[in-house]
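Heads up: the structure comes next, in structure tokens.
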Amino acid sequence: GKDEKMVTVRLHACPDSGLFKPSRFYPSKNNIRTAWFMEQSTPKEGATEPPTPHYNNSILCDTVMLSHLHFLSNTAMDFPGMKDGLALLKVWLNQRQLSKGLGCFSGFLVSMLVAYLLMKRKIVKMMSGYQVLRSTLQFLASTDLSVTGISLAKDADPSLPVLDDFHQAFEVVFVDPSGLVNLCADMTASKYHQVQFEAKRSMEILDDRMVDGFQALLMTPKPMLRTFDHIFHLKHVSKLQSTCKKMQLLNELMDRGGNYVAAALPFVVSLLARGLSQRAQLVAHSLPQIPEWPIDAEPPKHKDVGPLTFGLLFLPEFAASTLEKGPQADHPEASEFRTFWGEKSELRRFQDGSICEAVVWEASTVGQKRLIPEQIIRHLLKLHADIPESSICYTGALLESVIRTGKEAWGTGEEAMVSVVCSYDDLSRKLWSLKELPLTVTAVQGVHPALRYTDVFPPIPMKPIYSFHNRRKHLLLPSQEKPCPAYITPLKIICHMEGSGQWPQDKGAIKRIKAAFHLQLAELLQQQHQLVCRPAVTHTDVYKDGYVFRLQVAYHREPLILKEVVTPEGMLKYQETEESRQLELETLHLPYLTSSLHGLQQQHPVFGSTSRLAKRWISAQLLSDSISEECVDLLVAFLFLHPAPFTPPSSPQVGFLRFLNLLAAFDWKNNPLIVNLNTGLTDSDCTEIKNKFVAARSRLPVMFLATPKDQWSSMWTRERPSAQILQRLVLLASESLRALEEQLMDPLSDQDVKMVFRPPLDFYDVLIHLNPNQIPRHLESVDRPIKSVSRGVVKNNFATNILFPVVDYDPVQLYLQELRVSMAGWGGRWVALVPGRLWVEMKGWLWDSGSKFFNSRTDLIEEACSDAFNELALFFYDKHGGEMIAVLWKPLSFQPQPFKVSSMKGRKVTTLNNELVCVPNVEAILEDFEILGEGLVKSVEARTEKWTI
Amino acid sequence: LAVKLSERQRSPHCLLVKEHQVREGADTAHPPRRTLFVLNVPPYCGPDSLSRLFSRCGHVQSVDICDKPGPGEKKDKLASKFFDCKTLKGFQVAYVVFRKPAAVQAAKALSQEGPLLISTESHPVKTGISKWIASYEASIVDPKELKAEVDAYMQDYDKKMAEEEAKAAKEEGVPDEEGWVKVTRKGRKPGLPRTEAANLRVLEKEKQKRARKELLNFYAWQHRETKREHIAQLRKKFEEDKQRIALMRAQRKFRPY
């Protein structure tokens, strides 16, 4: 067919079957003399030679190759299912990176395993490929070959070695039909445990009807970086030479023919496994692969196998504990414990009165606690394996620097988030117990992302410095001469009021009553709890513990009243309006989402950090205004709720990598993303959603998220992102993922992980540079500014009776808003829009991921032309301290338009071919950019190389 | 007509001016012949600055700024300070009403002169930081004032509701000139509420009633019909499934190696 590729023929030289005497190669026999290996002339007298099982095994392997081939082809005879099953199994192994390298679980091995199962009648020849796959996985999951080996040899020949002999010599035992060769000789126990773990996981997935097993098992690659929570590299494997010396592994070295990597690896891995036994459920390592070399060149040295990679999969409950409790001091195991941990081990007295050996690791913040395994690994490898810290390259928390807040002490902000939530709980209790309110408060629900642990930068308690602001009576105002005050986020809280017949049934009246409630809440809080409040029409701001909460009263019937329409016949109808939808979203769905995600955070402690990383990345790519925060939260929640084929992430880094992969690899066009929050959806619900989705695809948003409470409408993605923004996101995600994985997997590079957090700017037409003094969130930028200016606040949370600080004042956001509004409708409605067209054009775009970062410009622009919005320019900004606003013209805006009264906005009249036409008045518009942002804009840089006026 | 914000600006915006003409009907807010229709008003140019710009041509009576041209509706001055305030942004159109028709002609002749300045020393226009600070200040409301307004409105509202109720109570059960009696929710025999949901409920009930009465397997043709329908349904489903499988096959990119 057309898939025809070059065929590689591999020649294996193997000796004739009668050349060696098999009994010479029993696993307990020695075939390499120590003296010869050490290049000493005379053997030492009386010393017994150690057995060389691996060496023997490798020779035997060559002698029995032909018989294995015959054996397998005999087994496969009249068994069609075996071929299919093996193909599946090989794909399964390959997707998990288990089938290549020294000591791998190769395709040959798995064929032999199937043959074994056939022999044991676990598989019969009638079985289909799927059944073969299933029974093999079942066997792998339930049998530990490192404890109970298996043998293909049929008749028990008493002269042959028994399984116990093999167990003594090898870690994993699977003996071939001849009864001499261990097929798993090179495999480490840890590798087998990984296979076993994967098999178990896969069985779970196969049994779970909610997951598309085929997709998860066979179609999703599981590279180490995305599988394991933490990864570390051994930069130079030559350091393992000293390990061999330190651990006295001369015999093993001899056995492996001087291959110090293979000799030391099992010992290093078991050392780590012991050290992390309570914290990690799996310690895995990459397989050293000997590169191919041309036949006329020198064979590669042992150090050419490249860096070794280790992966750790944690148990979330114990991974971050600071204490390693050992045996009691008077027990015999105590000394063993002490030698294992070295001088880190000390005697400690515990609360229950026992005195135990214990190791305590230093970590103050949650972020640091997650890195305790790093400390352990560095310590153990140095102590026992003589590997210096410099040659270990640990990638566990490299990305967390971008969500780290201000001072070092605040860590990754998780503690800050917890204190916000505490303060909020206290406030809600106070609201509940508020006296003298005409109606009682029925529910207090937070809606701000910080209250579900997913705010990128959690608010920090602040107190304003009076002298920094302009004072007008009892008001603090930002001053014009000084830099803009720090941005204080109002934390929005919805406060549901009891229903009552007293509520008016009219929109306007409800609004006023709500305003009255805001006033009263402010007054009562001030009287009864001495909180500083500032009421407004739509909310009341409460200053508490250094945070500002924004209370908003809600009445449960208000959305309904907004929906009311009276038809001409006098019939009362309910119709969704923009206003009612918005209100419902805010007072009903958002609180629910917030509480569900809050619950998720309790189950998976790194959910919040992962989501924050994801949001940080999106805003760093200037797209934060084009996709809603809730949508990102849901995407991240999906990773935790439906991790198949992985395990739920236990570190933000792996979560973030999987987020990028999800964005890039999910088939947004043909599939709905079902996020089963609180497992509120059953199997049949999911199928129904999928069916309806297919039927109504063209009417649904480009990114469709279904949750138990929102099965058909995908409310968080209804307007944003648009098709072209999603396309760009997908592209950016796949490129970022590629770049990031390359960097993280290559320990020898300088690992600048912030690279993926710097947006490509040559894509945009105009850059508006801003004055850093007026950017209130400048400290949050990816590359933190070197010098910072005072923002007129001090960190403090014990302040009562002060003037209200400046809240929710961000000049950049105001500027952006003004820009967007003034450029909207700039061109009138002259883009002819064919409704179905967007979809036709979408066909090609979504999955064309081969293109690079920047060359998709033309596609995007073409798409933009057919955009439903009639803005002529798009504005992009990183809300976390970005220093510039990027502007993208829509290309059709430069085409001359016939003169029309409604399309004159921002244009000037010229004559073309004796006809009056109007073109955008670009110079004036550019100057408008400066005028609108007076004091904020430093300069406007027009990149005219891509467009002409 | 070229305008500039200030001296520093190099390239001006052009305002397009025209005498306002109405085809039919009286446009009370914008009397013809005295009104100048201005297009392409930049966003930072408010009514005050416009009226100052044109005051050199004659006395300006009023300036109306809207986001698209249309008949000027009478602005209800009732809109409160705190509620339902709309802000227009972006490039707009404006109607400038002069006292005298002559001023319109004078304004049309303005274009020969140099660009006009919107912001001058004496009347600066706030943009950027200073504007935002001002609007932040404006966003902070005085609780007393707000309370007073809310109270006033609610009193009004209550009064209105009470009046309506009283009127309804008075009309209750009293036939109008043609002798019809209006059935309301109150009174001795309350009617059904006139809502869509209630209507649907009634319809549903009706349907159920009919279904209960109907004999399904009475005639032979009924039997045939159900069978035929069943088969058609199966066929349709089969076709759909086939399509779905084709789609699935098309999107699958199976590349394990």
Check A:E362 against each of (1) part of a helix (DSSP H, G or I); (2) open to solvent by 60 Å² or more (accessible area, probe 1.4 Å) and name the one condition it does not meet. (1)
Residue match in the stretch A:499-512 (condition: without any contact (Cβ under 8 Å) to a residue 40 or more places away in the chain, out of contact with any strand residue (DSSP E or B) (no Cβ under 8 Å at 6 or more places or on another chain) and of a type in the set (A, V, I, L, M)): yes
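Residue-by-condition table, conditions (1) modelled with pLDDT under 65; (2) open to solvent by less than 10 Å² (accessible area, probe 1.4 Å):
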| residue | (1), (2) |
| --- | --- |
| A:D746 | no, no |
| A:F763 | no, yes |
| A:H769 | no, no |
| A:I775 | no, yes |
| A:F798 | yes, no |
| A:V821 | no, no |
I'd like to verify a number: residues in the stretch A:523-538 that are open to solvent by 30 Å² or more (accessible area, probe 1.4 Å) and more than 10 Å from chain B (Cβ to nearest Cβ), how many? 5
Can you tell me which residues in the stretch A:540-558 are crowded, with 22+ Cβ neighbours inside 10 Å and part of a loop (DSSP other than H, G, I, E, B)? A:G546, A:Y555
Can you pull out every residue in the stretch A:92-107 that is open to solvent by 10 Å² or more (accessible area, probe 1.4 Å) and either of a type in the set (A, V, I, L, M) or modelled with pLDDT of 90 or more (or both)? A:L102
Given (1) of a type in the set (F, W, Y); (2) closer than 30 Å to A:R348 by Cα; (3) open to solvent by less than 70 Å² (accessible area, probe 1.4 Å), number of the condition A:F318 does not satisfy: (3)
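Kindly indicate whether any position in the stretch A:381-389 is at positive phi, in contact with a helix residue (DSSP H, G or I) (Cβ under 6 Å, 6 or more places away or on another chain) and open to solvent by 40 Å² or more (accessible area, probe 1.4 Å). It would help to see each step written out before you state the result.
Just the residues of the stretch A:381-389 that are at positive phi, to begin with: A:386.
The next check asks that each one be in contact with a helix residue (DSSP H, G or I) (Cβ under 6 Å, 6 or more places away or on another chain); those that pass are A:386.
From what's left, open to solvent by 40 Å² or more (accessible area, probe 1.4 Å): A:386.
Checking the stretch A:381-389: at least one residue is at positive phi, in contact with a helix residue (DSSP H, G or I) (Cβ under 6 Å, 6 or more places away or on another chain) and open to solvent by 40 Å² or more (accessible area, probe 1.4 Å).
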Looking at A:L250, A:L183, which one is at pLDDT below 80 and of a type in the set (A, V, I, L, M, F, W, C)? A:L250
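Collect the residues in the stretch A:429-447 that are outside any strand (DSSP E or B) and either touching a helix residue (DSSP H, G or I) at 6+ places or on another chain (Cβ under 6 Å) or open to solvent by 20 Å² or more (accessible area, probe 1.4 Å) (or both), keeping them in residue-number order. First the steps, then the outcome.
Going through the stretch A:429-447, the residues outside any strand (DSSP E or B) turn out to be A:429-440, A:447.
Within the stretch A:429-447, A:R429, A:K430, A:W432, A:S433, A:L434, A:K435, A:E436, A:L437, A:P438, A:L439, A:T440, A:V447 meet the criteria.
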Return yes when B:P143 is modelled with pLDDT under 75, within 11 Å of another protein chain (Cβ to nearest Cβ), surrounded by 13 or more Cβ atoms within 10 Å (Cβ to Cβ) and in contact with a Pro (Cβ under 6 Å, 6 or more places away or on another chain) and no when it is not. no
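Can you list the helices (runs of 4 or more DSSP H) found entirely within the stretch A:14-133 that contain at least 2 residues being within 30 Å of A:P223 (Cα to Cα)? Please lay out each step first, then the result.
Numbers: elements: A:34-38, A:53-76, A:80-95, A:107-119.
Per the criteria, A:53-76, A:80-95, A:107-119.
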Residue check for A:V110: over 34 Å from the mean Cα position of the chain (by Cα), closer than 30 Å to A:Y26 by Cα and buried (at least 18 other Cβ atoms within 10 Å of the Cβ): no
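For (1) farther than 30 Å from A:S651 by Cα; (2) touching an Asp or Glu at 6+ places or on another chain (Cβ under 8 Å); (3) at pLDDT 75 or above, each residue gets a yes or a no:
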residue: A:E408; (1), (2), (3): no, no, no
residue: A:K430; (1), (2), (3): yes, no, yes
residue: A:L439; (1), (2), (3): yes, yes, yes
residue: A:D455; (1), (2), (3): no, no, yes
residue: A:L475; (1), (2), (3): yes, yes, no
residue: A:P490; (1), (2), (3): no, yes, yes
residue: A:C495; (1), (2), (3): yes, no, yes
Determine, yes or no, whether A:K200 is surrounded by fewer than 21 Cβ atoms within 10 Å (Cβ to Cβ), assigned to a helix (DSSP H, G or I) and of a type in the set (D, E, K, R). yes
Are there any pairs with C-beta distances below 8 angstrom linking a residue in the stretch B:44-63 that is away from chain A (no Cβ under 14 Å) and surrounded by 15 or more Cβ atoms within 10 Å (Cβ to Cβ) to a residue that is assigned to a loop (DSSP other than H, G, I, E, B) and modelled with pLDDT of 70 or more, with the two at least 6 apart or on different chains, and if so which? B:G58/B:R99; B:G58/B:K100; B:V60/B:R99; B:Q61/B:R34; B:Q61/B:R99
By residue number, the members of the stretch A:134-145 that are part of a helix (DSSP H, G or I), of a type in the set (A, V, I, L, M, F, W, C) and over 15 Å from A:F214 (Cα atoms) are A:F139, A:L140, A:A141
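The values are calculated or read from the model by the stated rules, or taken from the named source; none is laboratory data. This one's a predicted model, so the numbers in the text were calculated from it and none came from an experiment. Quick reminder, even Gly has a Cβ in these numbers, built from the backbone with ideal geometry, and neighbours come from all protein chains shown. Quick note on the areas: whole protein, heavy atoms, side chains included, nothing else; ligands and nucleic acids left out. Shrake-Rupley method; radii C 1.70, N 1.55, O 1.52, S 1.80 Å.
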